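Report on one structure; see the data block that follows.
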Amino acid sequence: MIVKFLTIIAWIFAVLASGLLALRIVGFCCYSEWDRLRDNLKGVEASFPVTWPGIVAIVCWAWIGTTW
């Protein structure tokens, strides 16, 4: 019963974390030099961290893979 609940939670977080990871990678690839210059003029520093979504996605997909 608890394993089934954890697997459902893992599916939710795996999909969300994978989506966030993909969107951050796409955002980094689409962030042009002009965008960087414009943000520097505004005093904004853009970052696209992928560590936490990557770790969460890997752990969740590993859980799903082992309980499948």
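The values are calculated or read from the model by the stated rules, or taken from the named source; none is laboratory data. Computed from a predicted structure; not experimentally measured. Glycine gets a Cβ as well: all are built from the backbone with ideal geometry, and neighbour counts include every protein chain shown. All accessible areas refer to the heavy atoms of the entire protein, side chains included, with ligands and DNA or RNA removed. Shrake-Rupley method; radii C 1.70, N 1.55, O 1.52, S 1.80 Å.
Being of a type outside the set (Lys, Arg), open to solvent by 40 Å² or more (accessible area, probe 1.4 Å) and in contact (Cβ under 8 Å) with a residue 12 or more places away in the chain is the filter here, so list the residues in region 19-28 that pass it.
Leu20, Leu21, Ile25, Phe28
Failed condition for Val3, given (1) free of Cβ contacts under 8 Å to residues at least 40 places away in the same chain; (2) assigned to a helix (DSSP H, G or I), with all others met?
(1)
Given the options Phe13, Phe48, name the one that is open to solvent by 80 Å² or more (accessible area, probe 1.4 Å), of a type in the set (A, V, I, L, M, F, W, C) and in contact (Cβ under 8 Å) with a residue 12 or more places away in the chain.
Answer to the selection: Phe13.
Restricting to region 27-52, give me the number of residues that are in a helix (DSSP H, G or I) and either touching a Lys or Arg at 6+ places or on another chain (Cβ under 7 Å) or hydroxyl-bearing (Ser, Thr, Tyr) (or both).
The qualifying residues number 1.
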